[in-house]
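The values are calculated or read from the model by the stated rules, or taken from the named source; none is laboratory data. Everything quoted here is computed from the prediction, not taken from an experiment. Cβ coordinates were reconstructed from backbone atoms using ideal geometry, including for glycine residues, and neighbour counts include every protein chain displayed. SASA here: full protein model, heavy atoms, side chains in, ligands and nucleic acids out. Shrake-Rupley method; radii C 1.70, N 1.55, O 1.52, S 1.80 Å.
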Amino acid sequence: MWSTQLRGERYKFRIAVAPISLYKTSFYIIPLIGIGVLISELWVNLGWLTPDFNLSQSMWQAIFAVLFLMIISLWAYFGFISPPKFGKNNYKQFMHQLYARILEGNADVLKEVASEITPSISRIVTCASGSKGECKDYAHDIILLIGNKRFCEVVAEYHPNLIIELYESMTAENIQTLPFRQFTKNTATAAILNSNSLLHHEGDGFSSGLIGYIKPLSISMLGDIEKLEALNRQFASPLDADLPLFYLKHEQFKVYCDSALTAIESYLNEGWWWRHSYAINNAFSKIKDNSTYLYEINSNPNNYYDLDCYKNFRVAVKFVTSVINLIENHPSVAVFTPHKLRKRKEERFQSIDLYDLVSELMFELTFAAACVSVDEDTCWSIQHNSCWSDFIGHRDSKASYYILKKYYRLIYDEIRRMEKLPNFKSARILGFCLNIFGVKIPTKDNYRKEYYSLRKVIIHWTIHNYENIRKEYTRVAKACLIGGITYEDKKLTKTYALGLRDEATKETLELK
């Protein structure tokens with residue numbers, strides 16, 4: 001049975017990295033035992049003279065039997081009972097055997113190797129962080145070696161324990177000196193892109209049971225903001241994975257957003273509110289890049305809800321609402337005040353906090369929705385039902401007040417840009433607002449103060465500026481007409497869906 005199992009790659013690796021060279025030892029000792037047994041039999045049968053100090057035949061055979069049993073026991077011990085771990089007695093064997101198998105690239109072999117080095121990874125990191133010596137150099141090279149992309153893909157799919165153990169071995173200090181970057185980025189990329197990885201199946205407790213509650217891989221990779229920032233300084237953050245721009249599938253993008261939420265939760269729990277997180281800032285940037293290409297709906301408006309661009313957009317909107325919920329429900333939410341509630345133009349990129357990141361992502365998603373220019377029902381469904389209503393919702397907390405205040409300010413400042421430089425982005429934002437708000441001058445009834453204020457200033461701005469823009473920049477002015485809004489004789493008319501009425505409701509706004 002042992003000989004059959006030892007033909008497996010796992011056991012070959014164990015025997016090859018044992019601190020004792022079992023292959024050579026067995027090669028020399030077993031023939032020696034055989035020769036010794038033959039000579040003792042021949043000696044006795046032929047009646048040759050023996051010296052007075054010679055042992056009896058039975059004693060010699062017992063010695064040879066013990067040697068044989070020792071060889072068998074060593075193979076069994078290192079092959080089954082106590083597989084070898086990386087150490088000062090076998091670091092060269094470990095490196096050479098690992099290198100040969102990763103170089104070969106056989107996926108089945110790499111699965112077994114990944115399983116075998118998992119118990120040793122903490123020792124490898126400790127040795128690589130230690131004092132100077134040959135063992136330290138070999139350990140350093142092993143960490144660099146396991147960053148191979150093909151190996152990382154196998155690890156991400158079949159052996160997340162190796163990722164967990166490696167992250168557990170990291171500290172803010174050794175991250176600065178050891179070459180973790182290739183491994184962390186490649187495993188993060190593979191875990192996000194591969195639908196069979198554990199990241200895709202952690203989910204939540206309701207759907208994934210215990211794994212969904214404890215989220216072992218997510219927490220190990222992203223549950224320590226100090227570690228995450230140290231990795232980010234080495235360009236090794238898992239949130240900075242090499243993901244394809246615009247080509248992430250819905251499930252892949254959802255996994256990335258869930259990973260970012262785990263990092264944000266750690267950011268809040270560790271009291272980092274007054275510190276800037278570059279890792280989280282990069283995550284918001286990637287989420288924006290992969291969710292703001294809704295313009296693809298313009299060329300394929302039928303069944304738009306099946307398009308990845310729309311699905312990713314909805315994932316990003318849900319991400320925004322989840323971040324707001326995290327802040328609102330955090331025990332220390334009272335201390336989460338903005339660095340500055342209202343920033344001047346030159347201060348926009350200074351002292352950026354989580355409120356700024358959320359509000360700016362909301363603004364970019366709003367612009368993405370505003371770029372949809374198809375039929376009235378589709379525009380309303382995307383801009384109001386899939387975007388605006390989720391952002392505004394029924395939020396009355398202080399945290400949501402700060403975020404919405406910043407969000408409204410970004411919208412208004414963008415629209416006011418057209419006073420000096422008419423442009424299509426500002427025009428689309430204005431069109432979005434007119435489609436959502438209508439063109440009727442609002443009253444305070446049924447509107448929160450800040451919502452009413454935004455609606456009022458935008459309607460008044462339109463009254464005083466739209467006609468002037470139309471005279472010189474006709475195409476820009478037309479870009480403001482989204483959904484059921486039309487222009488005629490210095491008037492904007494908003495036509496609502498017919499519904500069950502005999503005649504559609506209309507609103508008219510006189511322009512100056």
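Figures for the structure shown
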item: Heavy-atom accessible area ranking, 1.4 Å probe, most first, across Ile482, Ile35; result: Ile35, Ile482
item: Along each principal axis, Cα extent of segment 178-296, largest first, Å; result: 37, 36, 29
item: Solvent-accessible ranking of Trp388, Trp274, largest area first, probe 1.4 Å; result: Trp274, Trp388
item: Sequence ranges 373-379, 201-207, ranked by mean other-Cβ count within 10 angstrom, highest first; result: 373-379, 201-207
item: Residue pairs, from the table Lys185/Lys425; Lys311/Lys444; Lys398/Lys440, whose Cα atoms sit over 32 Å apart; result: Lys185/Lys425; Lys311/Lys444
item: Per residue accessible area in Å² of the chain, where ligands, DNA and RNA are left out and the probe is 1.4 Å; result: 51
item: Option label - Rg and Dmax of the Cα atoms in Å computed here, alternatives (i) 25.1, 102; (ii) 33.9, 131; (iii) 23.9, 77; result: (ii)
item: Nearest-ten-degree value, helix 424-437 long axis tilted from longest Cα axis of the chain; result: 70
item: Sulfur and carbon atoms: percent of accessible area, the chain [1.4 Å]; result: 54
item: Phi-based couplings in Hz for segment 162-178 (Karplus 6.51, -1.76, 1.60; Gly and Pro marked x); result: 5, 4, 4, 5, 5, 5, 5, 7, 6, 9, 4, 7, 6, 5, 6, 10, 9
item: The chain: angle of helix 149-158 to the longest principal axis, Cα-based, in degrees nearest 10; result: 90
item: Sum of -39500 (n - 2.57) over DSSP H runs of 4+, divided by residues of the chain (222 nm, nearest 500); result: -19000 deg cm²/dmol
item: Rounded to whole Hz, the Karplus (6.51, -1.76, 1.60) HN-Hα couplings of segment 61-77, x for glycine and proline; result: 5, 5, 4, 5, 5, 4, 4, 5, 5, 5, 5, 4, 5, 5, 4, 5, 5
item: Placed amide H near Ile485: partners under 5 Å, 5+ positions off or other chain; result: Thr495
item: Relative contact order (%) - criterion: Cα under 8 Å, at least six apart; region: the chain; result: 8
item: Dipole magnitude of segment 1-140, debye to nearest 20 (Cβ charges: Lys/Arg +1, Asp/Glu -1, about Cα centre); result: 540
item: Nearest-20 debye value, segment 93-193 charge dipole, Cβ charges on Lys, Arg, Asp, Glu; result: 240
item: Per-residue HN-Hα couplings for segment 213-230 [Karplus 6.51, -1.76, 1.60; θ = phi - 60°; Hz; x = Gly/Pro]; result: 7, 8, 6, x, 6, 4, 5, 5, 6, 10, x, 10, 5, 5, 5, 4, 5, 5
item: Cα lying deepest toward the dipole's positive end in the chain, options Phe424, Ala279, Thr184, charges on Cβ; result: Phe424
item: Cβ charges +1 (Lys, Arg) and -1 (Asp, Glu), total dipole of the chain, debye; result: 1640
